[in-house]
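First the structure, in the form of structure tokens, and then the observations on it.
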Amino acid sequence: IGFFLHIPFPSFELFRLLPERNEIIRGLLGADLVGFHSYDYARHFLSAALRLCGHDQQLGHIDVDGRAVRVDVFPMSIDFGRFSRAPDTPGVRSEASRLREEIGDRKLILSVDRLDYTKGLLQRLEAYDLFLRDNSRYRDRVVLSLLVVPSRTSVPQYEQLKHELDEAIGRIASAYGGITTSPVLCHFGTVAFDTLAALYGIADVALVTPIRDGMNLVAKEYVATRSDERGALVLSEMAGAAMELGEALQVNPMDCHGVANAILLALEMPAEEQAARMAAMRKRIARYDVSRWAGDFVEQLEQTATTAEDGIPRLDGESKADMLSCFRESARRLLFLDYDGTLVPFRERPDKACPDDLVRELLSRLAAREGTRVVVVSGRDRETLDRFLRSLPIGLVAEHGAWLAERPGSWRQFRPLRSDWKSEIRSLMEFYVDRTPGAMVEEKAYSLAWHYRMTQPDLGRVRSRSLLVDLYSRTAGMKLDVLEGSRVIEVRNAEINKGEAALAFLRNGRWGFVLALGDDLTDEDLFRAMPRRAWTIKVGRGETRARHRLKDPDAVRAVLEELCEEEENG
């Protein structure tokens, strides 16, 4: 599924006002590829997805329940060849001669737009009025040709806009017009292609100043038609086309003085400067025309739909059947299971991520079978693991390998460790807590964790980057590891990791079946320590040494359920 938005995506401060904001974001994330005209619009969408639904992005990819959604920029364009060839066609040449005779020797300023409040028509006329007032020498030397295409004529607000537009044109005409000439020529309706191309071809200035516009193809059509490389484009910086047409005279459409000054600059621009600006814009539009835009979008959609997820296959079908068969046929089995993000989903506060009845039941059923050993390998402290998993006949690893237990409550230190470094690191983390509402420090016996899951996402990302830099600098030469997990940064002794702790259990016998499940960077040490024949499974997205991948904790529970059934049926 590909979705392309032809209008601007609003900033989060506006979008958050919608009562159905979450539903809209979730709906759009149902697509495989979401496209926008400009990076600004994509950035607004990514911000809304993060702040409303908690979906972070990496290089334009969002992980939505284990499915990759790509967000990218595809600036829509025009049929460049059609407009570029138009001035040489008989019909356009005839129309250009007729229009030039009608206008006389006056310079032509062209405005082409739908009747819409977003197009800034009233502000445009106000700026033109100001230009004529401040530059009296141009009053009988210029004419503004206003081509307004009807839009939503049955809506009262648009009917009112048409009325206000007529009044503004009348005021300008009465103030600066003569007996036989008017400074504004307004045509309310559509025109044939030959007439439109002729207007583009003879216009000295194109005045394109919408208050907000997704792209605005009028600006591109004007540039494409000017094969003579003459004319000047005054373009609103609020139009998506401004991102590509940097050589245009860009203006704030709400700044009437600025627009008036830009009109003067455009009329007096030397021919050499016109040619240089126009040539650069034409080259860019010719290279990325509408066919290239459509082809690019479809090509990216096909790639998004067919690209394997980091080359790591999901555990399903034949691979799952092989694993279940190996489990069933082995006399001794060893299972290493991470806790947060693997057995249970993440929660805003770590203390809220308690195991539910299903998790406890699955662990109990697996561990109760003859020849099967279950070990939960976690970064949690001993007290929390005892509280969460008490009475279960399983092994435990706490603080990423600092503590081991054959059963809950029977803890032993894996190896002697230092903790005298904690006061210095704690003070640094607390400094960042004070500056980051919602952040917190979790202290364990031999590690410290700075959590920012409850912070405003953008602020949390910025603060976490700064904290990482400070931690790397502060811990240099201290034999400490700085680890980044899912919205948590942890500092621990370098001598320990989950892989080293797992080896203590692996050495305790010969195992026919070994399984390791984990979701974050700390679990890569666990995967690295596993024997070659082991089944290693990454939960969620991201680079990994694991051989297979599962979507989320629900998928993990489903696999554990199947293992239980294999054992019990066997």
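The values are calculated or read from the model by the stated rules, or taken from the named source; none is laboratory data. Everything quoted here is computed from the prediction, not taken from an experiment. For neighbour counting, all protein chains shown are included, and Cβ atoms are generated from backbone atoms with ideal geometry for every residue, glycine included. Just so you know, the surface numbers come from the protein's heavy atoms only, side chains and all, with ligands and any DNA or RNA stripped out. Shrake-Rupley method; radii C 1.70, N 1.55, O 1.52, S 1.80 Å.
Structure above, values below:
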| read-out | value |
| --- | --- |
| Approximate spin-label separation residue 7-residue 510, in nm, with each point projected 7 Å along Cα-to-Cβ | 7.1 |
| Packing rank of 169-180, 134-145, where each peptide gets the mean count of other beta carbons within 10 Å, highest leading | 134-145, 169-180 |
| √(5λ) per eigenvalue of the Cα gyration tensor, segment 420-563, largest first, Å | 32, 20, 12 |
| Computed magnitude of the charge dipole of segment 415-504 (debye, nearest 20; Cβ of K, R +1, Cβ of D, E -1) | 100 |
| Net lengthening on full extension, residue 255/residue 410 (0.36 nm per residue, minus Cα-Cα) | 48.5 nm |
| Cα centroid separation - segment 59-98 against segment 387-410, whole Å | 61 |
| Too-long pairs where the Cα-Cα distance tops 28 Å, listed order kept, from 422/551; 352/444; 498/551 | 422/551 |
| Tilt relative to the chain, helix 121-134 - C-alpha long axis, 0 to 90 degrees, to 10 | 50 |
| Neighbourhood net charge (13 Å Cβ-Cβ; Lys/Arg +1, Asp/Glu -1) for residue 41 | -1 |
| Whether segment 357-427 is rounded, prolate or oblate, judged on the alpha carbon gyration tensor where a/c under 1.5 counts as rounded | prolate |
| Nearest-ten-degree value, helix 457-475 long axis tilted from longest Cα axis of the chain | 50 |
| Full-stretch length increase - residue 558, residue 348 - with 0.36 nm per residue and alpha-carbon distance subtracted | 73.2 nm |
| Length-normalised contact order of the chain in % [C-alpha pairs under 8 Å, at least 6 apart] | 12 |
| Lys/Arg +1, Asp/Glu -1 at C-beta; segment 21-77 dipole; positive extreme among 25, 69, 58 | 25 |
| Solvent exposure of the chain as accessible area per residue, Å², 1.4 Å probe | 45 |
| (1) 17, 36, 23, 18, 5, 0; (2) 19, 48, 30, 3; (3) 19, 49, 26, 6, 0, with the label sought being that of the calculated P(r) over Cα pairs in 20 Å bins from 0, in percent | (1) |
| Segment 1-87: C-alpha gyration tensor shape, a/c 1.5 cut-off, then a/b vs b/c | prolate |
| Percent carbon-and-sulfur accessible area, the chain, ignoring ligands, DNA and RNA, probe 1.4 Å | 49 |
| Segments 201-210, 27-36 sorted - mean Cβ within 10 Å per residue, highest first | 201-210, 27-36 |
| Debye, to nearest 20: dipole size of the chain, +1 on Lys, Arg Cβ, -1 on Asp, Glu Cβ | 1100 |
| Among 327-338, 410-421, 184-195, the order from most to least packed when residues are scored by Cβ within 10 Å on average | 327-338, 184-195, 410-421 |
| About the Cα centre, charge dipole magnitude for segment 334-480 (Lys/Arg +1, Asp/Glu -1 at Cβ), debye | 260 |
| Cα gyration tensor shape for segment 295-381, rounded if a/c is under 1.5, else prolate or oblate | oblate |
| Computed E for residue 65/residue 431 - FRET, C-beta separation, R0 51 angstrom, nearest 0.05 | 0.90 |
| Spin-label model distance (nm) - residue 458 vs residue 155, 7 Å beyond Cα toward Cβ | 2.8 |
